[in-house]
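Worksheet for the structure shown next.
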Amino acid sequence: MAERAASVAADASAAFAEREPVVRLDGISKRFETKSGTVHALEGIRQSIGAGEFVAIVGPSGCGKSTLLRILCGLEQPTQGRVDWGRGGEAPRMGVAFQDHRLLPWLSVEQNIMLPRLMLGRAAAADIERARSLCSLVGLTGFEQRRPAELSGGMKQRASVARALFTDPELLLLDEPFGALDALTREQITADTERIWTAQRFAALLITHSISEAVHLADRVIVMSARPGRVVAEFPVDLPRPRTDVLGSPEFAKLCSDIRKKLEL
Ligand code: ADP
């Protein structure tokens, strides 16, 4: 059974390689000029993310992971290299969730979720319906009218993920969104994220410090070196889904340990 599931997963990995990527990073380097000198954040990143593929990046603090994600959202420009979007150069619909939830304190959960719509004008009935169904998807039913201050840390992150999903993204960018949560809440949200991704199959890029979170969620884990951040290894994750069923398995532990060894080099 496990063997068959693993072979299904391997077939899926091969399928990503054949699909047109959502994005291709072509030799991205980034230097910041600061008062105290040049900070060389990234060096020669060449990667693609396939449609529907879940990619995780792990690496030491300060190795340029967030910078890479900010380049993808257009918040930073690379010093060298380029971001090539699939589909003839048109950027996909994107959603982003950060470690600090960035919810607006004076808006309700529902209004925060449909913020991308509110910024363009008034929300229509269909937008409110969508915000409510996203509340239900992320486990916030009953909290639609609450303000962020009334929510726990985990609930705020759930709302932040729901907002990132509001535009029905083709590429979801997750910058350590669960990093500040306690271990149990983090495990629950990770499992829920896998469930949502399995149902909707957008491409996703997760930045995380947690190797087990990366292996739980990703089809492929990319390991980066200390600054300047370079790709030092890539691990396809051919474990069956849902991964909650295999978290305690020797295969899961072995992969986490192999990734850790590359991080410690
Ligand atoms: P990570 O997400 O891997 O922890 P970051 O991408 O946040 O790393 O940062 C990579 C390096 O670039 C760090 O040394 C950080 O201080 C530096 N850096 C990031 N943004 C800026 C900026 N706007 N100006 C100057 N230095 C920056």
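The values are calculated or read from the model by the stated rules, or taken from the named source; none is laboratory data. Computed from a prediction, not measured in an experiment: that's the story for all the values here. Ideal geometry is used to build each Cβ from the backbone, glycine not excepted, and the neighbour counts take in all protein chains shown. Ligands, DNA and RNA are excluded from the accessible area calculation, which covers all protein heavy atoms including side chains. Shrake-Rupley method; radii C 1.70, N 1.55, O 1.52, S 1.80 Å.
Taken about its Cα centre, the range 103-168 carries a charge dipole of about 120 debye when Lys and Arg each add +1 at the Cβ and Asp and Glu each add -1 at the Cβ. Between the C-alpha center of the range 130-162 and that of the range 230-265 there is a gap of 31 Å.
Can you pull the percent of the chain's accessible area that's carbon plus sulfur, 1.4 Å probe, other chains left in place?
Working: 6730 of 12780 Å².
Roughly 53 percent, rounded to a whole number.
Across GLU176, GLU76, GLU53, mean-square fluctuation computed from a Gaussian network of the chain (C-alpha pairs under 10 Å connected) peaks at GLU76.
In a Gaussian network model over the chain where Cα atoms closer than 10 Å are linked, find which of GLY95, GLY27, GLY121 has the largest mean-square fluctuation. Result: GLY121 has the largest fluctuation of those listed. Under 10 Å, Cα contacts only: if you run a Gaussian network model on the chain, which one of ALA199, ALA51, ALA218 comes out with the highest mean-square fluctuation? With Cα springs under 10 Å in the chain, the top fluctuation among ALA199, ALA51, ALA218 is at ALA199. Along the charge dipole of the chain, which of ALA191, ALA123, TRP85 sits closest to the positive end, that is, farthest toward it, with unit charges on the beta carbon of Lys, Arg, Asp and Glu (+1, +1, -1, -1)? Farthest towards the positive end: ALA123. Per residue, the chain exposes 48 Å² of accessible surface when a 1.4 Å probe is rolled over the protein heavy atoms with every protein chain present.
Per DSSP H run of n ≥ 4, the term is -39500 (n - 2.57); total these for the chain, divide by its residue number, and report the mean residue ellipticity at 222 nm rounded to 500 deg cm²/dmol. If you can, show how the numbers build up before the last one.
Working: 10 runs with 105 residues, N = 265.
It comes out at -12000 deg cm²/dmol, rounded to the nearest 500.
Counting only heavy atoms of the protein chains and using a 1.4 Å probe, VAL39 has close to 50 Å² of accessible surface. Descending by average beta-carbon neighbour count within 10 Å, the peptides 227-234, 149-156 line up as 227-234, 149-156, the highest first.
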